[in-house]
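Note sheet for the following structure.
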Amino acid sequence: MQIIKSITARKIFKEYPDIKKQLWGGELWSDGGYIGTVGDGKTSDVIKNYVENQGNKEEKEAYKQMKILDFE
């Protein structure tokens with residue numbers, strides 16, 4: 001998980017260098033992660049629910065979803 005997050009962050013920062021200035025602490029990804037497959041008893045709804053329910057109300061308000069297109 002950490003390798004994927006590191007590689008994708010480097011590529012995004014290289015292509016969109018201004019994005020780093022707008023991130024808290026200059027970090028693209030949070031420390032946590034989730035790995036699962038549909039084949040191990042999970043459904044896409046379970047995974048979607050997990051992602052949508054991360055963080056508390058204040059965190060969600062502080063970290064509104066940013067779009068890559070905002071940096072073009």
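The values are calculated or read from the model by the stated rules, or taken from the named source; none is laboratory data. Small disclaimer: the values here were computed from a predicted structure and weren't measured. For neighbour counting, all protein chains shown are included, and Cβ atoms are generated from backbone atoms with ideal geometry for every residue, glycine included.
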Applying the selection to region 1-25, what residues are part of a helix (DSSP H, G or I) and farther than 25 Å from Tyr50 by Cα? Arg10, Lys11, Phe13, Lys14, Glu15, Pro17, Asp18, Ile19, Lys20, Lys21, Gln22
Pairs, please: C-beta under 7 Å, at least 6 apart or cross-chain, first residue of a type in the set (A, V, I, L, M, F, W, C) and in region 43-72, second outside any helix (DSSP H, G or I) and at pLDDT below 70? Ile47/Gly36
